[in-house]
1. When chain B is modelled as a GNM with alpha-carbon springs shorter than 10 Å, which of B:224, B:265, B:98 fluctuates the most?
2. Scattering from the C-alpha atoms of segment A:83-126 alone, worked out with Debye: what is log10 I(q)/I(0) at q = 0.20, 0.22, 0.24, 0.30 1/Å?
3. Considering chain B as a Gaussian network with a 10 Å cut-off on Cα pairs, which listed residue, B:336, B:321, B:206, attains the greatest mean-square fluctuation?
4. Per the Debye formula with a single identical scatterer at each Cα and no solvent contribution, what log10 I(q)/I(0) holds for the protein assembly as shown at q = 0.06 Å⁻¹?
5. Could you give the semi-axes, largest first, of the ellipsoid that matches segment A:208-263, computed as the square roots of 5 times the alpha carbon gyration tensor eigenvalues and rounded to whole Å?
6. So for B:348, B:115, A:148, fewest C-beta neighbours within 10 Å to most, what's the order?
7. Stokes-Einstein diffusion coefficient for segment A:61-151 at 20 °C in a medium of 1.002 mPa s, Rh from the Kirkwood formula over Cα pairs: what value in µm²/s?
8. So, in Å, what gap is there between the alpha-carbon centers of segment A:156-178 and segment B:292-339?
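Where a number appears in this text, it was derived from the coordinates with a stated rule and is not lab data. No experiment lies behind these values; they were computed from the predicted model shown. Cβ placement follows ideal geometry from the backbone for every residue including glycine, while neighbour counts extend to all protein chains displayed.
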């Protein structure tokens, strides 16, 4: 398969220490999607994931659950989010939509991919769409419209399973750091899994997500994978510090660079 | 009723689960049929159903109710099971299976608390740790069952998200499962969830129709209430391809199908994906699941099992709905005519009798899925309205 969009362009010139930030669309306020993208375009971030809110986000912990509920109460829906993006002059940084299957399904997967292609959205991450069903139903749509469908692997995935997912993936593979919902503060990096990923020598790039909280998590992940995805911790930061250029830059710096403590 | 290799019944069903649960799902897929068919499981399960649950549950000819309506009415007395409903058939089977698979920690969701109580009971018996998720609203309206679960050693966790009912309890149970995939077995209480749960639960509940076949010649109608639809699947199971028997599922219309306060997923919903399967769901145009309403906590769920969605599409079973008010009236009628206090859920099946116009020699089996001890407060609060109307 040969999809060539903003995501492939990114990987063609950068394959290490990639930082992708996730935030729920239309959060914390209605209309904030545009503000968020503007700040992220200007920050040292390589990729942006926009969360499409859903009423029943079963793979998410409290932080993202709450963000979903607030975005929905702000009146967010997929159509409106796509409309706000099409008006936007999209930057060269790849944007992916991450969300649960049902809102995408009700919109129509083919219609959505067509729209993504028009707007310039690079891919979709749909945690409750099993790779087998992707192959059966949506692979040709993905190819036709040049939209990557990103699949997940977890520490529970066997080596065979990881090889299967690598074989059917384009764009990158989303590796989940531990067996948990998003933003679980009790769980952290799983060293054995990181080593297994590295030893697998996958054809696709691998980005590590779930429970990445600080520079040391990021730095460790970057030794074994092509980079990280941060969601819950970024949203917690926005909750505490607001959505502004200063706040976003401050967060990105705290992840990318070791903090130097002055006396 | 068989699922295809991807777990679909026609276009419904499947296993829409995050990769984090893939290994657990595969493990269960590979294990469940061999375990169900093994002599050791069968012996233990059948012995427990007989001596511990009290099966076979009687089929009772309701003389007074029959005279009232003018046709023959039989009650399949699942309310007489240990723990007071059909839920124990499933919980015991799944708990035995969990044990066989070496799992040490059990989680469950519950609405009315009947599945929670049944699971807490099975776990006490089989010495398994038990955690039950229950919507905060249900914790309040079904408090006797919360106390029963606690007495049986289960930890009941009130769920405060969303509509604070069964849907949200299920979300939270799935999150727990994701976070504890290694040692935890999720005992789902209805014919919902990812494949193979609908099939597993239907097989365990199929004991209901297996007994019916020994208790009575083919009836003209079998009527059962539907939330997720486990008691109905159990009562329909061995009659699905029998054209002589009309199968009727009764959904909870709440305040009415067009009131915006309903839990009738087939009548008021359309296909979508929730809790691991593609099925009829109540949702808005954006695919957000809408909050259901039913006076009965056990039917207060925005979806329906995928097998029912397929039976509905194929016409092999018919589905209707009755309102909160009709269910309450039917419950009072059963109390006064037969001296039986039904669960609010089962009262929905009873309410359908009012809509049947049959000849005196025709027969109806109502699956009386549970008893109404847990619903006394609700019944008492409606006593005046009902007496006023009679």
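1. Per the Cα network of chain B with a 10 Å cutoff, B:98 tops the list.
2. -0.63, -0.75, -0.88, -1.21
3. Taking springs between Cα atoms under 10 Å, the residue moving most is B:336.
4. -0.35
5. After scaling each eigenvalue by five and taking roots: 19, 15, 9 Å.
6. Fewest-to-most ranking of B:348, B:115, A:148: A:148, B:115, B:348.
7. Numbers: Rh = 13.9 Å.
Approximately 154 µm²/s, per Stokes-Einstein.
8. About 43 Å separates the Cα centre of segment A:156-178 from the one of segment B:292-339.
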